[in-house]
Every structure is written in structure tokens, then in C-alpha cells.
């Protein structure tokens, strides 16, 4: 049997601990599937003395994670530090530059520097693996890069952030406010003390930019992802969406429209009949649509010790087998710098929620604003009262452009009869 694959592991948090558990628990199975043993040689973390429930005496300790790449007893480095830049990026560069395989769960680093790292990996004939960076334990990277390789993919979208999905699910099931559920999520460890990356959609945007590159053969363009989080979603929106036959989800969507790249993360009304509507709690799901395979649906746990560590070890098995291949399904030189689609020109139906003064003539004023912008109304409901004494007005438009709907909203927002900021959400119609 071939010599063991020797790992240098940087980062001993939740996922790092999970990697050790899987390697120890499934040691024989992993060796049979990999064709050789996979062992840990050296580890590194910020605090050497923290209790982790792991016998670290079995491994060499390295204070500087960057030194892992240079060790003679390390064939592959696993990076679980996090962060788009800093030590994680330095470690990635030094590992790949030495021609060693690099496995990471770091979506932020890949969204910002993935092309550079993939090019370096190609130059050094080294493997760059990152299944754990998107959707945790769901094998969506391998699914798109390999399983759907024969297809032209025109659309990839899904629920890419478990924290947001957990918050929206509890708001719906328990009738709670956003702030109340966020506080619970922080206490339970589903959300960070500073939850901005999750609830403002940045985490989902990192993942979407990676999926778009894989799906369309485009160069990663995280900066082009139009991103809106869930802070403005009110419990009233959840109730109104349900009455209209929808559930609200934070959806990341990327399409290749007329060879133009469209990327957006936004709270979205999903019809009850769509499979994404039934992805609850902290689960993730990704949908890809190919010209021969049709709709592919991937769903499962998108974060946490077990799922993410499982994806890391799956990558290690690939490395042990000698599987390299281009990180983004084709060589970096073949990735297309696709021009960007105009977000304002995007067509679709929209959900609008306004709080208005309860007086005669208000509805006529609102509908006039839509008419003047060229937007027609599919349905309108006026129900419930806001905490400030206003009345909720909810409308669903017929297919319009985002620019038309935004123009109507701007005019409505300027009215003395409209209280606060109107809410606009897209409707998922495919």
C-alpha cells in the first residue's frame, strides 16, 4: 500500500475537532477508500493550552501556522483558520507554492483570492480543494464540478446561509420578531456576537460567487454580487407572504443571461410548491439547472462540526487518491471574464409592503405611482396595523423590471402618507 498522506492542520476550532473525530472513528473505512492511510503529523492554533478534548500529544505542535507548509512530514495542509486575508492567505500561498495540496473551508478567501490560488495550484501541479467552503457537508462543489460537467448550466441558486434560514424559520413558526430570534440564535451559537456577515448576506454572497464560477466557467466576481440581507424583514412580511402562498427565504441566485453574469443575494418570496420552500432551520440547499440533466437539488446541513469536517475529509481522500484537476472545473486561463448583467433591467414579479396612514385616497396615490412607472398590480391586500398606528398595504406586481418598481417605490416613499421605508422583495418564479 502507498505511504500515508500526512496532514498539517491549521485551526483547532469546532471543525478542526470534527476532522480528528472522523479520522479516528472511520480510520479503516477512510484508508480503504483513499487507498492509503491518512494521518495527522502537525497541528497549529492560537492557544496551545486550550482544552479541546483531543489528545494533541500525538502530533507535533507548530506555533506559527505558516511553518506547516515547509515541514518535510506534511504532504497536505488543511486550513481552518478563516479570514479572507492574513495568516490563512499566507498559508495558502506558501503551501501551493511548494507544490503541496491545500484543503480549506474558507469561502471568504476563495471569493477574494480564489483565482490567484487556483492559478498557483495549476503552476505547481498541486491540488486546491474546498468542498467545505460552500454548504458544509452537501457535496455541491463536486456535484457541479464533476457530476454536472457535461451540462451547460444556466442557473444556480439556493439557501446558502444556515443562520438566516434558522432566523426566518423561527420567525414564521413562532411569530417572533427578527431581533428576538437573532438574540436567541446568538445565545445558542447559531449566530456570531457580530452577526453582520450572516444577516447582511455577505457570507451567502461569498458562496454564490464561487458557485457561479463553477456553474458558468466565469471568473469569480464577488464584488458584482448585489447583496441585501434580512434585517428589514418584518414578522408582518412573513404573515403576508404566507397568506399569498409564499415563504420568505434568503436566496442567492446566479444566472448566465445572454452571456452576462447576474448575481444577487436577497430575501425572496418562494412559492410553497418549490422545494426550497421546505428547507427549514439551519439547513442549506442548492439548485442547479442544466440543459440535459434538468434540475439538480442538493440539500443538507450546511454548517457545524460534523458536516463541514466531513467535507474536509472527503477532500483529503481525493488528495490521497492523487486527484488534482482545476479548482474551478477548468484552467484559470479558460475562465471567462463575463460582462455583468444590469440588475435594474432584471424582469420578475415583486412583493411590496408599505405602512400608510389610514385615510381616504391613499390607495389611489399608491396605485398611481405604480401606473406612472409602468407597473401593474397582480394582487393587493390591506390588513393589519403596524405598531405606529399605520396600516399595512401589500402588493404583488405583474412582471416588471426592477428599475420600474424602484421608481414607483421612490415616489411612494416621498409621500406624506407613507410611514417609514417601503419593503421590496423579489418573487422566485422558476
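Just so you know, all these numbers are worked out from the coordinates, no wet-lab data involved. The model shown is predicted, which means the values in this text are computed figures rather than measured ones. Glycine also receives a Cβ, built like all others from the backbone with ideal geometry; neighbour counts cover every protein chain displayed.
Given N residues in segment 140-301, what is Rg(Cα) / (2.2 N^0.38 Å)?
Details: Rg = 15.7 Å, N = 162, 2.2 N^0.38 = 15.2 Å.
For segment 140-301, the normalised Cα radius of gyration comes out at 1.03.
If you take every DSSP beta bridge fully contained in the chain, what fraction is antiparallel? Give it as a percent rounded to 5. Walk me through the numbers before you get to the answer.
Values: 50 of 74 bridges.
Within the chain, antiparallel bridges account for around 70 percent of the total.
If I model segment 56-194 as equal point scatterers sitting on the Cα atoms and use the Debye formula, what is log10 I(q)/I(0) at q = 0.13, 0.21 Å⁻¹?
For the requested q values the scattering log ratios are -0.75, -1.22.
What shape does the chain take by its C-alpha gyration tensor, where a ≥ b ≥ c are the square roots of the eigenvalues and a/c under 1.5 counts as rounded, a/b above b/c as prolate, and the rest as oblate? Present the calculation step by step, with values, prior to reporting the outcome.
Values: a/c = 2.59, a/b = 1.91, b/c = 1.35.
Since a/c reaches 1.5 and a/b is larger than b/c, the shape of the chain is classed as prolate.
Working only with C-alpha atoms, what are the Rg and Dmax values of segment 1-138, expressed in angstrom?
In Å, with Rg to one decimal and Dmax whole: 14.3, 40.
For the chain, find the longest principal axis of its Cα atoms and tell me its angle to the long axis of helix 14-25, 0 to 90°, nearest 10.
50 degrees
Please compute the length gained on full extension between residue 33 and residue 98, using 0.36 nm multiplied by the number of residues separating them and subtracting their Cα-Cα distance. Don't skip to the answer; put the middle values down first.
Numbers: separation 65, 0.36 × 65 = 23.40 nm, distance 2.66 nm.
In short, 20.7 nm is gained.
Can you compute the modelled spin-label distance between residue 419 and residue 336, with each label point 7 Å from Cα toward Cβ, in nm?
5.0 nm
Report, to the nearest 10°, how far helix 402-413 tilts away from the longest principal axis of the Cα atoms in the chain, using its own Cα long axis and a range of 0 to 90°.
In the chain, helix 402-413 runs at an angle near 60 degrees to the longest axis.
Taking every alpha carbon pair in segment 298-377, what does the distance histogram look like in 10 angstrom bins from 0, in percent?
Distribution as computed: 11, 20, 18, 17, 17, 13, 4, 0 percent.
Treat the count of other C-beta atoms within 10 Å as a stand-in for reagent exposure and order 131, 239 from fewest to most.
Numbers: 131 26, 239 17.
Ordered by Cβ neighbours within 10 Å, fewest first: 239, 131.
Using just the Cα positions, wrap segment 306-430 in a convex hull and report its mean projected area in square nanometres, one decimal place. Present the calculation step by step, with values, prior to reporting the outcome.
Details: hull surface 52.2 nm².
Mean projected area for segment 306-430: 13.1 nm², to one decimal.
Within 10 Å of each residue's Cβ, count the other Cβ atoms and sort 164, 268 from fewest upward. Intermediate results must be reported in sequence, preceding the final value.
Numbers: 164 30, 268 25.
So the residues, fewest neighbours to most, are 268, 164.
Give the angle, between 0 and 90 degrees and rounded to the nearest 10, that separates the Cα long axis of helix 305-320 from the longest principal axis of the Cα atoms of the chain.
It works out to around 50 degrees.
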